[in-house]
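The values are calculated or read from the model by the stated rules, or taken from the named source; none is laboratory data. Remember, predicted model here, so these are calculated numbers, not experimental data. Cβ: placed from backbone, ideal geometry, glycine included. Neighbour counts: every protein chain shown. All accessible areas refer to the heavy atoms of the entire protein, side chains included, with ligands and DNA or RNA removed. Shrake-Rupley method; radii C 1.70, N 1.55, O 1.52, S 1.80 Å.
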Amino acid sequence: MSKYLPIRVSTLRGDQPIKFDAYVRVAGKYILFCREGDSFENQRLERLKSKKLQRMYIPVEQEGSYAKYMSHNMEKAYDTAAGAPVEIRAQIIQGALQAAVEDLAEDVSNQAFYKALMDSGLRFKEFLQEDSALISLLTIHNHEFNIAHHEVNVAALAIAIAEETGFAESHPMLMPHLIVGALLHDVEHHHDNLNLSTTSDKLPAAQKSIYDRHAGRGAEKIKQNAFYDSLVATIVIQHEERIDGQGPEALKEKDLHQAAQIVAVANAFDQYLQYEKIDPKEALRRILIEKMGILSLDVMKSLQNALKKRNII
Ligand SMILES: [Fe+2]
Ligand SMILES: [Fe+2]
């Protein structure tokens, strides 16, 4: 009888035949979902994702085939000469980075996952220099507000803002940590089982009080591991803060790190996109009105300029 290994659904693509058998586990039994040589077909895969299924399984002896499938996809994604459309490449990169976020967020003390996430984050930053990369990424549908998907979007927006504000140029050594901090900013939501398909103000009181502690608790998890740069925990704890001092940690604007303010704006903007289902132009209009006096105006203006330069608004 076969033994099975878990694989992440976020790494799978619906448009090509797979080189391994993929199983789902139901009540302790492994059921063949897609056979080697068949394609997931986009719709079936979308259905799995909308059911929040994060893992599928492959027979242990097919581990090598799965590794090849992954590396083939990554080569296709990062090889600009191969000619794959930027939308397809954005989907592959989004899925792979989402899987790297999930790996580390679920096992925060794993240094190999940390290193892998930082490497993927830096590669991601290079990808985002390409025309249409950011808009291709932001238009990928995020089923039921998948938290790792949101964290990847926030990292992409934070990179664009950091480049616009001059932070990337003045603090190049901090950029890898800003990216990891953005990718992990909601690390606690990988553990707290909250219903995130709705905005936090609509949560019942008991869930709301758990929500209100997610930044602080997430930072505590990070701080227990000495290998993280201190900026990562700073971003995690400060990303829900408000410049008027009314955030969960009641920090004042002067006490907020610039990188955390960048992530805070990126975070709020992606929430408008995902929860309100509005386009970037309308989301920008809303954030400028509704977050005035709450988030840094300079950082919001940098977001506006970053989006303009990329022809997104
Ligand atoms: Fe958050
Ligand atoms: Fe967030």
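Using Cα pairs closer than 8 Å and at least 6 residues apart in sequence, work out the relative contact order for the chain, in percent. Working shown, then result.
Values: 430 pairs, mean separation 43.6, N = 313.
Computed value for the chain: 14 percent relative contact order.
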- prompt: In whole angstrom, and with the biggest value first, how far do the Cα coordinates of the stretch 82-125 range along each principal axis?
  reply: 38, 16, 14
query: Counting alpha carbon pairs within less than 8 Å and at least 6 residues apart, what relative contact order, in whole percent, applies to the stretch 1-89?
result: 34
statement: Restricting to aspartates and glutamates and to Cα separations under 14 Å from Lys281, and discarding same-chain partners fewer than 8 apart, the set is Asp270
message: Quick check: convex hull over the Cα atoms of the stretch 192-313, volume per residue in Å³, rounded to an integer?
response: 119
field: For the stretch 76-167, convex hull of alpha carbons as volume per residue, Å³
entry: 101
- prompt: Binned at 10 Å from 0, what are the whole-percent values of the Cα-Cα distance distribution for the stretch 132-203, short to long?
  reply: 19, 42, 29, 10
message: Restricting things to Cα coordinates, could you compute the convex hull volume per residue of the stretch 16-151 in Å³?
response: 129
- prompt: Among 302-309, 238-245, 66-73, what's the highest-first ranking by average C-beta atoms within 10 angstrom per residue?
  reply: 238-245, 302-309, 66-73
query: Using bins 10 angstrom wide from zero, how does P(r) for the stretch 169-247 break down, in % of all Cα pairs?
result: 18, 45, 29, 8, 1
- request: Just need the relative contact order of the stretch 117-258 here, percent rounded to a whole number, with Cα pairs under 8 Å and 6+ apart.
  value: 20
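Of the heavy-atom accessible surface of the stretch 70-173 (probe 1.4 angstrom), what whole percent is carbon and sulfur?
Numbers: 2160 of 4250 Å².
That fraction is 51 percent.
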- prompt: So, by mean Cβ neighbours within 10 angstrom, what's the order for 77-83, 145-151, 44-50 with the highest one leading?
  reply: 145-151, 44-50, 77-83
task: Using the Kirkwood radius over Cα pairs, work out the Stokes-Einstein diffusion coefficient for the stretch 3-69 at 25 °C and 0.890 mPa s, in µm²/s as a whole number.
output: 207
query: What whole-number value in Å² describes the accessible area per residue of the stretch 236-279 for a 1.4 Å probe?
result: 42
query: Put +1 on the Cβ of every Lys and Arg and -1 on every Asp and Glu Cβ in the stretch 215-283; which of Gln271, Ala226, Gln261 then has its Cα farthest towards the positive end of the dipole?
result: Ala226
- prompt: Where does the chain land on Rg/Rh, using Cα atoms and the Kirkwood Rh?
  reply: 0.96
query: If we count every other residue with Cβ under 10 angstrom of Ile294's Cβ, Lys/Arg +1 and Asp/Glu -1, where does the sum land?
result: -1
- line: Tilt, helix 86-106 to longest principal axis of the chain (alpha-carbon atoms), in degrees rounded to tens, equals 80
query: All other residues with a Cβ under 11 Å from the Cβ of Ile159 taken together, and with Lys, Arg as +1 and Asp, Glu as -1, what is their net charge?
result: -2
